[in-house]
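Below is one structure, written out as structure tokens; comments come after it.
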Amino acid sequence: MNRRDFSLQLAGTTLGLAWTGGASAQGGPVEGQQYVKLSTPATLTLPSPDKKVEVVEFFGYWCPHCHAFESTLEAWVKKLPADVSFRRVPVAFGPPQLPLQKAFYALEDLGQLPAMHRKLFAAIHQQGKRLSSDAEVIEFVGANGVDVAKFREAFGSFGINTRINRARQLSAEYKIDGVPALGVQGRFYTSGSLAGSNDRMVSVADFLIQRARQGV
């Protein structure tokens with residue numbers, strides 16, 4: 001979903017665009033059409049020497065397209081090669097989205113993210129909850145078995161604010177103005193609107209992972 005336009009109709013139309021003829025004619029994705037190459041590389045965070053290529057998903061729990069993309073993304077991540085490091089970066093384009101960004105990192109710190117990740121998506125997009133304030137988020141995670149005292153402490157910590165600032169910086173480096181989007185090796189990014197659909201987005205990311213390995 002774009003920071004400038006939260007219209008579901010417009011976004012749905014964009015996501016439905018067909019794969020362009022330029023890509024088909026050349027047998028693969030085309031720079032400037034299905035993906036963007038950054039003029040200045042973004043920061044990498046590779047966790048170990050055996051991880052050579054970083055893939056980052058920029059997403060928001062508040063975004064219906066991120067919710068729809070989740071099943072495709074999870075299936076794709078399970079098949080990523082061993083040398084690829086994958087991580088999620090939550091994005092907030094405005095104050096109402098900040099509590100969910102903070103929640104992601106607080107739950108990650110507490111080891112509760114695997115249990116709560118899908119529940120947050122479902123709460124917003126299937127159950128109609130807003131979760132746009134600190135109080136709403138805290139109440140929700142508490143109702144789903146998370147220790148509220150520990151969550152409050154993590155939620156308001158200096159460490160969480162530092163990670164949010166890093167997420168904001170990385171989003172700026174990748175020039176992210178809509179989600180979901182995939183960044184590859186600090187050098188490329190693609191999205192559903194660029195690739196033509198979410199399924200094509202992961203196919204383009206596969207192509208970019210190969211480019212990153214080759215140092216192209």
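The values are calculated or read from the model by the stated rules, or taken from the named source; none is laboratory data. In this text the structure is predicted, and so the values were computed from the model without any measurement. With ideal geometry, Cβ positions are generated from the backbone for all residues, glycine too; neighbour counts draw on all protein chains shown.
Considering only the range 73-150, give the helices (runs of 4 or more DSSP H) lying wholly within it that have at least 1 residues that are in contact (Cβ under 8 Å) with a residue 40 or more places away in the chain.
It comes to 98-109, 113-125.
For the range 184-206, residues that are without any contact (Cβ under 8 Å) to a residue 24 or more places away in the chain, within 15 Å of Val216 (Cβ to Cβ) and crowded, with 22+ Cβ neighbours inside 10 Å total 0.
In the set (1) aromatic (Phe, Trp, Tyr); (2) over 30 Å from Gln214 (Cβ atoms); (3) surrounded by fewer than 20 Cβ atoms within 10 Å (Cβ to Cβ), the condition left unmet by Phe86 is number (2).
Of everything listed in (1) out of contact with any helix residue (DSSP H, G or I) (no Cβ under 8 Å at 6 or more places or on another chain); (2) at pLDDT below 95; (3) part of a loop (DSSP other than H, G, I, E, B), the single unmet condition for Leu17 is (1). Being in contact with a helix residue (DSSP H, G or I) (Cβ under 7 Å, 6 or more places away or on another chain), at pLDDT below 95 and either among the hydroxyl-bearing types (Ser, Thr, Tyr) or part of a helix (DSSP H, G or I) (or both) is a property that Thr43 lacks. Could you list all residues from the range 36-66 that are in contact with a strand residue (DSSP E or B) (Cβ under 9 Å, 6 or more places away or on another chain), hydroxyl-bearing (Ser, Thr, Tyr) and free of Cβ contacts under 8 Å to residues at least 60 places away in the same chain? The answer is Thr45, Ser48.
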